[in-house]
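What follows is a set of notes on a single structure, which appears directly below.
The values are calculated or read from the model by the stated rules, or taken from the named source; none is laboratory data. These numbers were taken from a predicted model, which means no experiment stands behind them. Neighbour counts are summed over all protein chains in view; Cβ atoms, including those assigned to glycine, are modelled from backbone coordinates with ideal geometry. Surface accessibility is based on the protein's heavy atoms, side chains included, excluding ligands, DNA and RNA. Shrake-Rupley method; radii C 1.70, N 1.55, O 1.52, S 1.80 Å.
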Amino acid sequence: MTAPQELRVDGARLWRRLEALGEVGAVHGPNGERGNARLALSDADRQGRDLVVGWMRDIGGHVSIDAVGNVVAVWPGTDPSAAPVMMGSHIDTVRTGGWFDGNLGVLGGLEVVETVLGSGTRLRHPLAVAFFTNEEGARFQPDMLGSLVYVGGMALEEALDVQAADDEARLGDELQRIGYAGPLPCPAAGAPRAFVELHIEQGPVLEDESVTIGAVTGVQGISWTELTLTGQSAHAGTTPMRLRRDPGVVAAAVVSGVRAIATEMGGSQVATVGRLEFHPNLVNVVPASVTLTVDLRNTDEELLRQAEARFQQLLSDAAAAEGVDVRQRTLARFEPVEFDPEMIQLVDDTARRLGHSVMRMPSGAGHDAQMMARVCPTSMVFVPSVNGLSHNIAEYTHPADIEAGANVLLQVVLTLAAVESGA
Ligand code: GLV
Ligand code: MN
Ligand code: MN
């Protein structure tokens with residue numbers, strides 16, 4: 001039998017599953033790009049869930065579904081009282097998503113389990129692979145909703161009542177519709193022994209530094225606000241400029257103003273207006289209202305608060321100057337998270353032992369791991385994203401890097417799950 005330290009995943013088998021899941025809700029670009037539109041709790045999400053649950057069962061997992069639609073498969077260890085070592089991520093995507101964001105953490109986890117089972121290695125702790133509902137936050141806000149409820153950070157009833165940003169469908173109704181309102185209570189009863197999430201970096205740093213593995217130190221804070229700006233709709237030809245109350249002008253000030261704030265603050269501060277809708281959106285009508293979103297992130301909570309304060313000042317100045325009313329709603333607000341130092345060290349040491357280049361880095365994107373870190377020792381393994389692209393159908397990671405990351409995940413999990421001596 002192969003010694004546990006020598007075990008390696010089957011990279012081709014993992015790639016085939018990534019490809020197969022990528023066919024569900026596939027989107028094709030003009031230059032051969034192959035991406036995914038699998039918004040949370042859509043029909044495509046249901047098909048993706050069914051496919052992954054089928055794979056979980058094929059390799060002997062005991063699958064359970066909780067009240068917010070999180071799916072967890074478990075394979076027992078030798079100690080019935082030991083908590084599972086959990087891997088996982090999400091399989092929902094943004095509307096212009098790729099094959100790897102989230103999918104890799106789930107299918108990488110399955111690959112680890114299949115490798116362990118195929119080798120006959122016996123572990124003291126059970127293994128678990130999870131996918132959490134609505135990680136992306138593209139359809140329902142906040143993001144990381146499923147894992148947030150899982151760890152008790154949001155009440156189940158509140159989560160089920162969230163309405164979709166596009167069609168205003170209720171999350172609980174959509175869960176029922178796709179058959180994933182499960183019987184298990186959420187929050188979960190017990191905490192895992194540890195949680196490890198394999199993920200693509202989604203940014204350019206690893207590629208730029210020619211490094212294969214990122215040992216993730218934490219996740220930056222996230223602040224999402226939705227603004228509804230209301231002015232006076234009027235005729236574009238007849239209304240003199242001095243008499244206008246144009247919410248579009250305030251929206252424009254916000255778009256360029258938050259960019260200036262982030263540029264002036266520097267460091268890890270980023271700012272994005274990703275959604276902007278004019279009403280009635282016609283060439284010859286001063287808009288009646290504009291709805292837009294502002295996404296601010298920083299690794300430092302104090303600096304994130306400063307960015308929020310500066311954004312509020314710019315908004316009230318611009319709105320007052322134009323005589324526009326402002327309504328705002330917080331869609332998500334999470335403080336920066338630092339992962340467990342021993343878990344970060346384990347990822348770092350394991351990657352080096354396997355002969356990979358490694359660097360420590362914070363995550364710019366939000367992840368289910370940041371919620372799991374509230375209840376158990378947690379870490380993440382990053383692999384490079386080609387051209388740093390993600391949330392884009394051109395998202396890509398080379399097969400060799402996928403395999404490298406999955407082998408790091410495997411060896412980290414073997415350490416955490418305690419290989420039985422003599423196995
Ligand atoms: C989730 O993917 C986010 O970071 O926006
Ligand atoms: Mn993700
Ligand atoms: Mn994402």
Please state the Cα pair-distance histogram of the stretch 221-334 with 5 angstrom bins from zero: what percent is in each bin? 2, 13, 23, 22, 17, 11, 7, 4, 2, 0
Go ahead and collect, in residue order, the members of the stretch 280-318 whose backbone nitrogen is under 15 Å from a label point 7 Å along the Cα-Cβ direction of Leu243. 286
Using a 1.4 Å probe on the protein heavy atoms, what percent of the accessible area of the stretch 221-334 belongs to carbon and sulfur? 53 percent
Rounded if a/c under 1.5, otherwise prolate or oblate - the stretch 141-276, Cα gyration tensor axes: oblate
If you take the charge dipole of the chain about its Cα centre, with +1 on Lys and Arg Cβ and -1 on Asp and Glu Cβ, which of Val205, His279, Ala130 is farthest toward its positive end? His279
Gap separating the Cα centres of the stretch 358-409 and the stretch 159-174, nearest whole Å: 28 Å
Taking Cα pairs closer than 8 Å and at least 6 residues apart, the relative contact order of the stretch 123-268 in percent is 11 percent
Taking θ = phi - 60°, what integer Hz values does the Karplus form 6.51 cos²θ - 1.76 cosθ + 1.60 yield along the stretch 71-77, in sequence order, with x for Gly and Pro? 10, 10, 10, 10, 10, x, x
Simple Cβ-charge dipole of the chain, Lys/Arg +1 and Asp/Glu -1, about Cα centre, in debye nearest 20: 260 debye
In percent, what relative contact order does the stretch 221-334 have, based on Cα pairs under 8 Å that are 6 or more apart in sequence? 46 percent
Relative contact order of the chain, defined on C-alpha pairs under 8 angstrom at six or more residues apart (%): 24 percent
Please compute the per residue accessible area over the chain with all protein chains in place, 1.4 Å probe, rounded to a whole number of Å². 40 Å²
PRE reach from Arg13 (point 7 Å along Cα→Cβ): which of the stretch 67-108 fall under 14 Å by backbone N? 107-108
Hey, what's the per residue convex hull volume over the C-alpha atoms of the stretch 346-423, in cubic angstrom? 127 Å³
Would you please classify the overall shape of the stretch 30-142 from the alpha carbon gyration tensor, given that a ≥ b ≥ c denote the square roots of the eigenvalues, rounded means a/c under 1.5, and beyond that prolate means a/b larger than b/c while oblate covers the rest? prolate
Give me the one-decimal nm value for the distance between modelled label points at Phe278 and Gln47, 7 Å along each residue's Cα-to-Cβ direction. 3.6 nm
Identify the residues of the stretch 222-261 with backbone N under 19 Å of a label point that sits 7 angstrom from the Cα of Gln313 along the Cα-to-Cβ direction, or state none. 253-261
Share of Cα-Cα pairs in the chain beyond 28 Å, whole percent, is 50 percent
I'd like to know which of Ala234, Thr330, Ala251 lies farthest towards the positive end of the charge dipole of the stretch 221-334, counting +1 on Cβ of Lys and Arg and -1 on Cβ of Asp and Glu. Ala234
About the Cα centre, and with charges only on the beta carbon of Lys, Arg (+1) and Asp, Glu (-1), how big is the dipole of the stretch 221-334? Nearest 20 debye, please. 260 debye
